[in-house]
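The next block holds one structure in the form of structure tokens; read it before the comments.
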């Protein structure tokens, strides 16, 4: 892994983790599905425009179209949609911690569904991840966390795991920025239908809302997604996913810095154990 890939991986982890804090700011003052659908529409327009300026084509191969649709459904509509809804009731730090278990879910699904070989180090990482989650959930449940919001976050992470298993097809054949833009449109269309069915338009306009919306649209929405596809294409999905072990740290750090969310001792212990489990799983995949 070269130095540029390391820097891009660190940038991706920070951008991806910060999305929970900006989302928490948004859902405090706007309907979550409506705001997210609008974000995806704007991000899609930006992404496709940039792709056209780069000379990229709408003509994707079959694998790219399939992966784009799956990614748009699983990451944008399901993963982010459920996280936005859940963060009406739970803290951004908890949502970030739950979402960070996605690499563990990917490893487990690959093992039970596709028969991927899991080495002893990987098994130890999976066990550590479960222990870390149990520690955090035990502490939060005893503190009165909203169970519905927590369940939505776990289901969302599972949806992103499915999307991750399909991303390899989207990162081959070029046209990466075009794919980024098109999968935003998939999410926007699906969430717009859900928003019309379940939400009313009630927005409390504020500078913080506008800043959070602009940041979410441009940084996690377009830039982080492009960096992820770039990483997968450059160093492979397994090595790229290694950077997810930083998400628990970055997620809680950004939430603490910008939202003043406090973490208990058990939260910190759980985060360290989960991060170690994620790293162990990813390192085990790189051992030949």
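Nothing in this text is a laboratory measurement; each read-out follows from the coordinates by a stated rule. All values derive from a computational prediction rather than experimental measurement. Neighbour counts run over all protein chains shown; Cβ positions are idealised from the backbone, glycine included.
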Sorted from fewest to most neighbouring beta carbons within 10 Å, what does the list 119, 59, 39 look like? 59, 119, 39
With a ≥ b ≥ c from the Cα gyration tensor eigenvalues, square-rooted, and the rule rounded for a/c under 1.5, otherwise prolate when a/b > b/c and oblate otherwise, the range 132-288 is oblate
Rg in Å to one decimal, and Dmax rounded to a whole Å, for the range 1-110 via C-alpha atoms: 16.1, 43
Taking springs between alpha-carbon atoms closer than 10 angstrom, which of 271, 145, 180 fluctuates most in the Gaussian network model of the chain? 145
For the range 55-138, how big is Rg over Rh, using alpha carbon atoms and the Kirkwood form of Rh? 1.08
Comparing 146, 116, 267, which has the greatest mean-square fluctuation in the GNM of the chain with Cα pairs linked when under 10 Å apart? 116
Among 44, 72, 264, which one shows the biggest mean-square fluctuation in a GNM of the chain, springs joining Cα atoms closer than 10 Å? 264
Compute the separation of the alpha-carbon centres of the range 187-234 and the range 4-66 and state it in Å as a whole number. 7 Å
Determine, at each q value in 0.07, 0.10, 0.11 (inverse angstroms), the log₁₀ of I(q)/I(0) that the Debye formula gives when each Cα of the chain is one equal point scatterer. -0.24, -0.49, -0.60
With the cut-off at 1.5 for a/c, could you classify the range 90-209 from its C-alpha gyration tensor as rounded, prolate or oblate? oblate
